[in-house]
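Report on one structure; see the data block that follows.
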């Protein structure tokens, strides 16, 4: 089954945290000048990585919407991306911004959600039924739509789902010069505990270098397939 390459492209603190605490917007790091420009640098990397679309989960959007942070200087907007893909398996979002949007949801999502997508003329894909979206089936449909390199910018849950299912090809991580800590603070990968080290994902380092002039570092890995 054909699918696009998937590159996780995110920034985090050096201890792998992707926000300050649960349900807070990571944009506050940028607004307060604490991220070492990692946010803006990460968005510029989408073009360097040839991402023709961006993908995130509904939980990230809901947090951003509930804890909006206004930036005085907008971050870079990727130029090569032709679509913003959102996995919303439970049909929880009442969509307001629809330009360039592609929604991925379950085949057995509520009819009212599908009616909303149709009424707002939002392109959508249905893949899998039950508790979760069938990631492989969704990626195959996105490939058939013409997408070849997807930049995943999700929260820990969707990132974890992709790595556990074996659908991450590369990881592009910008480390901000910041330590957050915390016991429940979201991390790059939030997923089920491993039962065996045999199931860990091994990586091959492709590139590492300081980026910008404020202490951020870029790590670029290839995910090794079992």
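The values are calculated or read from the model by the stated rules, or taken from the named source; none is laboratory data. What you see is a predicted model, and the numbers here were worked out from it, not measured in a lab. Cβ coordinates were reconstructed from backbone atoms using ideal geometry, including for glycine residues, and neighbour counts include every protein chain displayed.
Quick grid of which residues meet (1) in contact with a strand residue (DSSP E or B) (Cβ under 6 Å, 6 or more places away or on another chain); (2) at pLDDT 95 or above:
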position	(1), (2)
13	no, yes
22	no, no
27	no, no
36	yes, yes
42	yes, yes
45	yes, yes
Q | Search result, residues across segment 61-107 that are in contact (Cβ under 8 Å) with a residue 40 or more places away in the chain, part of a helix (DSSP H, G or I) and touching a strand residue (DSSP E or B) at 6+ places or on another chain (Cβ under 7 Å) | A | none
Q) What is the residue count in segment 170-226 for residues that are over 18 Å from residue 156 (Cα atoms) and in contact with a helix residue (DSSP H, G or I) (Cβ under 6 Å, 6 or more places away or on another chain)? A) 3
**Q.** Top-ranked residue in segment 148-176 [being under 18 Å from residue 102 (Cβ atoms) and assigned to a strand (DSSP E or B); ranked as farthest from the chain's Cα centre (by Cα)]
**A.** 149
Q) When residue 209 is evaluated against the numbered criteria (1) in contact with a strand residue (DSSP E or B) (Cβ under 8 Å, 6 or more places away or on another chain); (2) in the same structural domain as residue 21 (by TED's automatic domain parsing); (3) under 25 Å from residue 91 (Cβ atoms), which criterion, by number, is the only one it fails? A) (3)
Q.
Looking only at segment 185-213, how many residues end up being farther than 27 Å from residue 143 by Cβ, assigned to a loop (DSSP other than H, G, I, E, B) and more than 19 Å from the chain's Cα centre (by Cα)?
A. 7
Q | Residues (loosely packed, with under 14 Cβ neighbours inside 10 Å, more than 24 Å from residue 97 (Cα to Cα) and at pLDDT 95 or above) located in segment 118-147 | A | 144
Q: Can you confirm whether segment 174-181 contains a residue that is loosely packed, with under 14 Cβ neighbours inside 10 Å and modelled with pLDDT of 95 or more?
A: yes
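Is it the case that segment 99-115 has a residue that's modelled with pLDDT under 90 and surrounded by fewer than 16 Cβ atoms within 10 Å (Cβ to Cβ)? Full working, then the answer.
Start the filter on segment 99-115 by keeping residues that are modelled with pLDDT under 90, which leaves 99.
Keeping just the survivors that are surrounded by fewer than 16 Cβ atoms within 10 Å (Cβ to Cβ) gives 99.
Yes, that holds for at least one residue.
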